[in-house]
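The values are calculated or read from the model by the stated rules, or taken from the named source; none is laboratory data. All of these numbers come straight from a predicted model, not from anything done at the bench. All Cβ positions, even for glycine, are placed from backbone atoms using ideal geometry, and neighbour counts span all protein chains on display.
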C-alpha cells in the first residue's frame with residue numbers, strides 16, 4: 001500500500017513538473033514571439049528611415065547638379081515631384097539649392113515667386 005501511495009505521489013510530482021516545464025516553455029515562446037515582433041517593427045521603421053534618408057540625399061544631389069548647371073527649370077521640376085511624393089523631403093537646404101539654380105540662370109525672382117506661391121507654372125526661359 002505504501003509503495004502504491006509513493007508511486008502515485010511520485011507520478012503526481014512528475015506530472016506537476018511536466019506541467020511547470022510546459023508552462024515555462026509556453027511563456028518563453030510568447031516572450032520570444034513578442035521580442036521578434038518588436039524587432040520586426042524596429043527593423044521596418046529603420047528601413048523606412050534609411051529609405052527617406054537616401055531619397056533626401058538623392059534629391060539634394062540632383063538639386064546640386066541643377067545649381068551647378070544653372071538649370072532652374074529642372075531644379076523646380078525635380079523639387080515639385082519630390083514634394084508631391086513626400087513633403088517630409090522639403091528642407092531649407094533644398095530650397096537654397098533651387099534658389100541658387102534660379103539665381104545662376106538669371107531667374108531668381110521668378111524662382112522665388114514660384115516657390116513662395118507653390119504654383120505649377122514652368123519657368124519661361
Return yes when residue 19 is loosely packed, with under 11 Cβ neighbours inside 10 Å, in a helix (DSSP H, G or I) and at pLDDT below 80 and no when it is not. yes
Output the number of residues of the range 50-86 satisfying the condition of being farther than 19 Å from residue 113 by Cα and surrounded by fewer than 17 Cβ atoms within 10 Å (Cβ to Cβ). 16
Looking at this structure, is residue 47 in a helix (DSSP H, G or I) and loosely packed, with under 13 Cβ neighbours inside 10 Å? yes
For the range 49-59, which positions are over 14 Å from residue 85 (Cβ atoms) and within 13 Å of the chain's Cα centre (by Cα)? 49, 50, 53
